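Presented below is the structure to which this report refers.
The values are calculated or read from the model by the stated rules, or taken from the named source; none is laboratory data. On a predicted model such as this, the values are computed, not experimentally measured, just so you know. In this analysis, Cβ positions are derived from the backbone assuming ideal geometry, glycine residues included, and neighbour counts consider all displayed protein chains.
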Amino acid sequence: MKEKRKKKKNLLDRAMAYMHMRGYTDRLYVLNFLCVMMITAASLVILFFNVIRDGGDMSGVSTLLTVAWAELGTHTGFIIWKAERENMKKFNKDKDKGGEQDAEEDTEGEADE
């Protein structure tokens with residue numbers, strides 16, 4: 001029994017160490033994702049007990065789920081946009097370093113035609 005607890009603790013320690021190596025945006029995304037998963041699980045439990053009891057109005061829960069997943073989608077879109085912008089900056093820096101050679105080759109090609 002103690003070995004299982006120790007093993008779980010080691011897994012948790014490794015997961016926390018991995019998250020500390022990641023950037024702030026990644027940590028925030030994982031936290032956001034876990035919150036949406038908890039909201040979804042809680043909503044399913046509420047739905048289950050509501051069906052057992054009387055099957056009343058569930059519009060509040062459906063709105064909560066819609067908002068939670070929409071927020072996660074917006075956050076994901078922002079992270080993708082941010083990564084794209086960072087990659088474009090890196091690409092432009094690399095292009096500027098080799099850009100002079102490329103420009104000379106293009107003008108030579110135009111002169112031959």
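Some notes on this structure:
- Hey, residue 47 in contact (Cβ under 8 Å) with a residue 40 or more places away in the chain, hydrophobic (A, V, I, L, M, F, W, C) and surrounded by 12 or more Cβ atoms within 10 Å (Cβ to Cβ) or not: no
- Whenever a residue of the stretch 15-27 is acidic (Asp, Glu), its partners that are part of a helix (DSSP H, G or I), lying with C-beta atoms within less than 9 angstrom and at least six residues away or across chains, give the pairs 26/19; 26/79.
- Some residue of the stretch 53-64 being assigned to a helix (DSSP H, G or I) and over 21 Å from residue 38 (Cβ atoms): yes
Residue-wise test of (1) of a type in the set (A, V, I, L, M, F, W, C); (2) at pLDDT 80 or above; (3) in contact with an Asp or Glu (Cβ under 9 Å, 6 or more places away or on another chain).
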| residue | (1), (2), (3) |
| --- | --- |
| 16 | yes, no, no |
| 20 | no, no, no |
| 23 | no, no, no |
| 65 | yes, yes, no |
| 75 | no, yes, no |
| 79 | yes, yes, yes |
| 91 | yes, yes, no |
